[in-house]
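No value in this document is a laboratory result; all are computed from the given coordinates. Because the structure is predicted, anything quoted here is derived from the model rather than measured. For neighbour counting, all protein chains shown are included, and Cβ atoms are generated from backbone atoms with ideal geometry for every residue, glycine included.
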Amino acid sequence: MVWRFKSSSRHFPVIISFVRYRKIQLNKDLAFPLILGIILTTFLVRFFALGNYPKSLYGDEVSIGYEAYSILKTGRDTFGNFLPFSFRSYEDFKLPSYIYATSISEFLFGRNAFAVRFPSALFGTLTIITFITLLLLLTRNKLLSFLGGLFLATSAWHTHFSRAAFESNMSLFFILAGTFLILHGLNKNSRVLFLGLFFYILSLYTYHSPRIFIPFFLLFLFVMYKRKFLSFWQKYKKATLVVGIMYIIALLPYFQYAFSPGGLIRARSESFMRDVKITSSTPFYESIYKAGNRLLENYFSYFSLEFLFFHGDYNGRHSVREIGMLYLWQMPFLLYGIYKGIKEKREEDLLFISWLLIAPVAGALASPNPHALRGLNMVLPLLYFISRGFVVFLNRYRSLHFSLFCTFLFVYFFYQYLHIYYIHYPKRSGPDWSDGYRETADYIRTHENDYSKVVITANFSKAYMYLFFYGNFDPNQVQKYKNPNESFDKYLFVRNSYTNTSDEKILYVAREIETPLGKHLETIRNSGNDIVFEIWEI
Amino acid sequence: MGDLGFCTIVDIANTTYTSLLSDIPADFGMPFFFIRLLHNKLSIFSWSTLKCFFQYFDIEQITQFLPPVLIPYIAYFLIRIPKKKVIYSLLGSVYIFFILDPFHWNLGTKIIIYQVLYFGLSILGGILFTLRLNKRKLVHG
């Protein structure tokens with residue numbers, strides 16, 4: 001079936017075939033090339049030099065990489081637990097989904113940076129396809145859907161987290177896919193709704209923020225689609241009960257983890273209450289006021305123009321910091337799109353408004369704020385409203401000049417982002433990505449046989465994990481180490497300067513400011529040419 | 001940018017200068033055209049100006065000086081007010097005045113004007129919200 005679809009510009013009539021969201025028909029039209037172009041752009045942006053940009057794996061990535069390797073080789077984590085539901089790691093008890101996905105990619109690509117980041121890039125790519133499909137389902141507007149996909153494919157926010165091992169990116173895909181399948185199931189009164197709920201469960205096992213987002217969002221969906229849910233219940237009562245029981249059983253390990261001491265450690269350590277100055281002598285009403293004030297400040301910070309359009313997240317790993325999480329040219333379209341959404345209150349507008357309002361809640365309950373990783377769920381509704389505003393503008397200003405001007409802005413700002421990401425960012429973000437740690441671990445591995453002992457400064461944070469990942473340590477052996485962060489085999493980790501009081505030759509990885517008695521072997525520098533470590537023979 | 005976020009034309013000029021100084025060497029080895037395409041006075045000055053201007057509308061800036069609980073009322077007023085162009089132009093003009101800083105007001109004066117402005121908007125937003133709520137109750141019973 002071929003529809004003649006008039007684009008907003010009279011000069012570019014576009015023939016688009018009817019695109020079903022289940023499969024794309026390969027007709028002689030522009031829909032397939034457009035989608036292919038978007039997927040190709042997504043693929044290139046996310047997979048190009050994935051192992052080298054960002055330059056180095058940071059501590060959590062290395063931990064994910066080695067835990068995944070340990071699962072792949074032995075079926076156990078580095079503490080010897082068989083196929084765990086949470087990974088103790090650095091006593092932060094990571095959720096399992098990303099690690100298990102990494103074990104598959106390490107099986108395919110080996111134990112390296114590319115394999116550790118591959119699942120994030122893959123799910124980032126799948127997110128774009130799913131987002132286009134969801135927009136087609138909700139809006140039936142091909143132009144808006146394709147634009148939404150294109151903006152997500154070139155989004156600085158989403159691209160940044162698709163190019164490193166961030167669980168939040170993977171959980172975003174599961175939330176998006178789950179939402180699509182639930183809405184599709186409600187529309188068609190089909191059992192595919194159960195699959196949507198399964199994806200929601202997967203998101204809970206992937207990252208922490210869905211545990212706040214999913215309940216609120218599901219509540220909104222129940223309220224908004226009350227009749228459709230009731231109709232579904234009428235049709236599939238038995239199946240709903242059976243699947244419901246299965247899903248509750250599937251969630252039991254999650255609840256066990258969430259309320260265990262390990263699970264609560266993470267929540268307590270990141271809670272926003274640590275920034276609220278309350279003592280035992282603070283009156284109750286004052287405590288409530290201070291905590292409430294802080295929570296609201298945290299929540300509204302996610303809508304800060306500085307965060308969204310100018311500076312981004314102040315954490316060097318979460319943004320390039322020279323531009324915002326969104327492109328500046330998108331600001332008027334975003335504001336106009338939200339305004340139109342509030343005014344017209346279409347079904348998709350209400351859905352994405354609620355999505356946008358619920359998404360920052362998880363991040364607001366933690367610290368610091370705004371946090372681009374915890375707020376990643378916001379990127380989809382924001383890009384929906386940008387697309388919405390853009391389409392309205394295109395319809396209003398039907399001119400070639402306007403279209404060309406917008407194209408220029410799009411290309412210019414995207415080029416600026418890529419320039420900053422590949423040229424400036426590696427030089428300025430070395431410490432954030434532990435740049436130099438891999439080179440140090442490689443040097444140790446190459447020369448350690450010449451020494452009876454290797455002493456490493458505690459400034460080399462999580463050094464033992466870098467040694468495991470870049471070295472040749474058998475996971476079966478690693479699982480036997482009791483406190484590898486203090487010492488194991490011939491490795492010793494010290495907080496203060498180390499002095500060799502024995503006759504044995506020691507390889508010493510020292511801080512830059514130290515000058516021990518011995519022979520200087522190597523200076524390790526990062527991409528910004530700053531000294532990371534000095535290596536000595538003492 | 002600026003003292004406590006109250007940036008002026010002087011801050012914009014300083015930011016332009018320091019950005020050019022740090023960004024151009026960072027691109028060492030690249031073709032000159034590509035360096036200057038992104039790192040030129042026009043683009044950085046435009047960027048800094050817009051950043052300074054929108055800083056006055058920034059929620060984080062507002063919550064520095066007002067309780068965050070007033071934000072929804074301010075937002076409601078700015079969305080629902082009938083003569084939007086007038087209000088937005090007025091707000092924009094005040095902030096352009098802050099940026100140009102012709103009378104070199106001290107920081108305290110600027111903070112007071114800023115607080116009064118947004119506090120006023122929140123009160124108007126609250127009144128507007130209450131009136132519309134009462135109107136709905138009358139209509140729907």
Under a Cβ-only charge scheme (Lys and Arg +1, Asp and Glu -1), can you give me the dipole magnitude of chain B about the Cα centre, in debye to the nearest 20?
1060 debye
Hits for chain B under the membrane-span-like helix rule (DSSP H, Cα axial span at least 15 Å, Kyte-Doolittle mean at least 0.0) are B:9-26, B:41-55, B:84-100, B:107-140
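So how much slack lies between A:ILE531 and A:LEU218, counting 0.36 nm per residue of separation and subtracting their Cα-Cα distance, in nm? Show your work: numbers first, answer last.
Numbers: separation 313, 0.36 × 313 = 112.68 nm, distance 5.00 nm.
Separation in residues times 0.36 nm, less the Cα-Cα distance, equals 107.7 nm.
Relative contact order (percent) for chain A, with alpha-carbon contacts under 8 angstrom and 6 or more residues of separation?
15 percent.
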For chain A, find the longest principal axis of its Cα atoms and tell me its angle to the long axis of helix A:113-139, 0 to 90°, nearest 10.
10 degrees
Between the range A:313-341 and the range A:234-273, how many Å separate their Cα centres?
33 Å
Output the 0 to 90 degree angle, nearest 10, between the alpha-carbon long axis of helix A:210-224 and the longest principal axis computed from the alpha carbons of chain A.
10 degrees
Would you kindly calculate the mean projected area, averaged across all directions, of the convex hull enclosing the Cα atoms of the range A:436-537, in square nanometres?
6.4 nm²
Would you tell me the mean number of C-beta atoms belonging to other protein chains that fall within 10 Å of each C-beta in A:450-456, as a whole number?
0
Taking the dipole of the range A:436-537 about the Cα centre (Lys, Arg +1; Asp, Glu -1; charges at Cβ), the one of A:GLY436, A:VAL509, A:SER487 that reaches farthest to the positive side is A:SER487
With the dipole of the protein assembly as shown worked out from charges on the C-beta (+1 for Lys and Arg, -1 for Asp and Glu) around the Cα centre, which of A:HIS208, A:PHE390, A:ILE535 lies farthest toward the positive end?
A:PHE390
With +1 on the Cβ of every Lys and Arg and -1 on the Cβ of every Asp and Glu, the dipole magnitude of the protein assembly as shown about its Cα centre, in debye rounded to the nearest 20, is 4080 debye
Among B:58-65, A:143-150, what's the highest-first ranking by average C-beta atoms within 10 angstrom per residue?
A:143-150, B:58-65
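Highest mean first, what order results for A:308-321, A:375-388 on Cβ atoms within 10 Å?
Working: A:308-321: 20.6, A:375-388: 26.6.
Peptide ranking by packing, descending: A:375-388, A:308-321.
What is the mean number of Cβ atoms from other protein chains located within 10 Å of the Cβ atom of each residue in peptide A:293-305, rounded to a whole number? Let's see the in-between values first.
Values: counts 4, 1, 1, 7, 7, 2, 3, 10, 5, 2, 5, 9, 11.
Average neighbour count from other chains, rounded to a whole number: 5.
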Cβ-based charge dipole, chain B, positive-most Cα from B:PHE65, B:TYR17, B:THR49
B:PHE65
What is the spin-label model distance, in nm, from A:LEU137 to B:TYR88 if the labels are put 7 Å beyond Cα along the C-beta direction?
3.4 nm
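State to the nearest 20 debye the size of the charge dipole of the range A:283-442 about its Cα centre, where the only charges are +1 on K and R beta carbons and -1 on D and E beta carbons.
480 debye
So how much slack lies between A:GLU514 and A:LYS490, counting 0.36 nm per residue of separation and subtracting their Cα-Cα distance, in nm?
Here the segment from A:GLU514 to A:LYS490 would lengthen by 6.5 nm.
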How do the peptides A:502-512, A:93-103 rank, highest first, by the average count of neighbouring beta carbon atoms within 10 Å per residue?
A:93-103, A:502-512
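May I ask you to derive the relative contact order of the range B:56-141, considering only C-alpha pairs under 8 Å and at least 6 residues apart, and to give it as an integer percent?
Averaging sequence separation for qualifying contacts and normalising by length gives 50 percent for the range B:56-141.
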Kindly express, to the nearest 10 degrees and within the range 0 to 90, the angle between helix A:31-47's C-alpha long axis and the longest C-alpha principal axis of chain A.
20 degrees
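For the range A:436-537, what is the relative contact order in percent, using Cα pairs closer than 8 Å and at least 6 residues apart in sequence? Let's see the in-between values first.
Details: 149 pairs, mean separation 32.6, N = 102.
Computed value for the range A:436-537: 32 percent relative contact order.
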Geometric extent, Cα atoms of the range A:260-330 - Rg, Dmax (angstrom):
16.4, 50
When the Cα centres of the range A:125-171 and the range B:4-70 are compared, how far apart do they sit, in Å?
29 Å
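Counting only other chains, what is the mean number of Cβ atoms within 10 angstrom of the Cβ of each residue in peptide B:58-70?
Working: counts 10, 12, 11, 3, 2, 7, 1, 0, 0, 5, 10, 5, 1.
Neighbouring Cβ atoms belonging to other protein chains average 5 per residue here.
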Using the C-alpha atoms of chain A, what convex hull volume per residue, in cubic angstrom, is computed?
177 Å³
